[in-house]
Structure formats: C-alpha cells, structure tokens
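Asker: If you scroll down you'll find the structure; I have some questions about it.
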Amino acid sequence: MLGRVFSSSLGTILLIVLVSKVLIFSIGFVTTFFNEGPSDPLSIMRQFCRWDGPHYIDIARNWYVNTGEQRFFLVFFPLYPLLIRLTTFNWQYVNLSALLISNVSSIIAAIYLFKLVKLDFEEDVAKRSVFYMSFFPTAYFLCATYTESLFLALTISCVYYARYRKWHFSLSIHC
C-alpha cells in the first residue's frame, strides 16, 4: 500500500516537499548550533520564528488589543493566528503549532500547484514546478511562522477550483 502511494504522483510531490523541508530545517539546526551552541530544541523553533512571526503568535495568545505596542498588530489578518490558537494545546509549544500550520499549508499548496499546472501541461512540467517552488531560496518562508504558505495554499486552490468553475469548497487530493 505504501509503495503504491509513493510510486504515484502524490508520493513524488510529497517526497519533493518533505526533502526540501528536511534540508531547510537542517540548515536552521546547523546555523542555530553554530550561532548559539548546543541548546534546547525550542531554540531551533525560535530560529524559524522571526520578524513578523512573534506578532502572529502574540495575536494568537491575546487576540487583537487596543493598548500598548500590540495595538499596531491590527494590520495582520486573523486566519493564521486563529489557526495557531485552535491547534495550540500548550502555550509553551505555540511555535510548534505555528510551524505545523505553515508546513501543512505549504504541502497543500504544492499539491494544488501540481494539479493546477497539470491542467495545461504534462505531468513532468507539473512536478518540476513543485520542485522549483520547494527548493527556491525563498522556500524558507514556506517553512517559517509566516502566512505565506497559508496564503499560497488558499490562492492556488481557489484558482484551481475557478478553472473547473467549482465555486464551493471541496478538498480533493487525488492527483
């Protein structure tokens, strides 16, 4: 059964995306190790939670407030912090929840990118498009605690369903 899954197009796409994520997280681990020395595993998660990432996590914890520095966070859209809040069971591991949402969203984006490109081109071109998306230097942002992977998953899936004129939501992963 597992052999059939990984011999299919879906298996190839998942393999491409997972290899790229392992490579990106390995680079993050090595840079954290050389910059900070041996430390706890949570420091590796903090490596992928920079710039706007802490703001999304703060919104997930406190929602939108109108006092202090957090009153400026109103420029951030609420879907990503809401998903972080829904998947967090222990606030000590909130970075892990944010990373999980980003990485699952980028896998969904890769699947829909493959399906969208396959509508107009051969399967080989669709696999290469997933490869280029996964290994392009900015693929780091699809692994970190940012909204880019969620945005990409939603937009690519919307364009895919618009091509079929299916205006209702349905999740189908068959490649």
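Readers should treat all values here as calculations from the given coordinates under stated rules, not as data from a laboratory. As the structure is a prediction and not an experimental result, all values here were calculated from the model. FYI the Cβ positions are ideal-geometry reconstructions off the backbone, even for glycines, and counts take in every protein chain you see.
Asker: Using only the alpha-carbon atoms of the range 63-161, report the extent along each of the three principal axes, biggest first, to the nearest angstrom.
Answerer: In descending order, the Cα extents are 53, 24, 24 Å.
Asker: If the chain between residue 164 and residue 77 were fully stretched, how many nm would it gain, using 0.36 nm times the residue separation less the Cα-Cα distance? It would help to have the intermediate numbers written out before the result.
Answerer: Values: separation 87, 0.36 × 87 = 31.32 nm, distance 2.80 nm.
Between residue 164 and residue 77, full extension yields 28.5 nm more.
Asker: Let me ask another. Sorted by average packing, counted as other Cβ atoms within 10 angstrom per residue and highest first, what order do 108-114, 128-134, 156-162 take?
Answerer: On the way: 108-114: 24.0, 128-134: 18.3, 156-162: 16.6.
So the order, starting with the most tightly packed, is 108-114, 128-134, 156-162.
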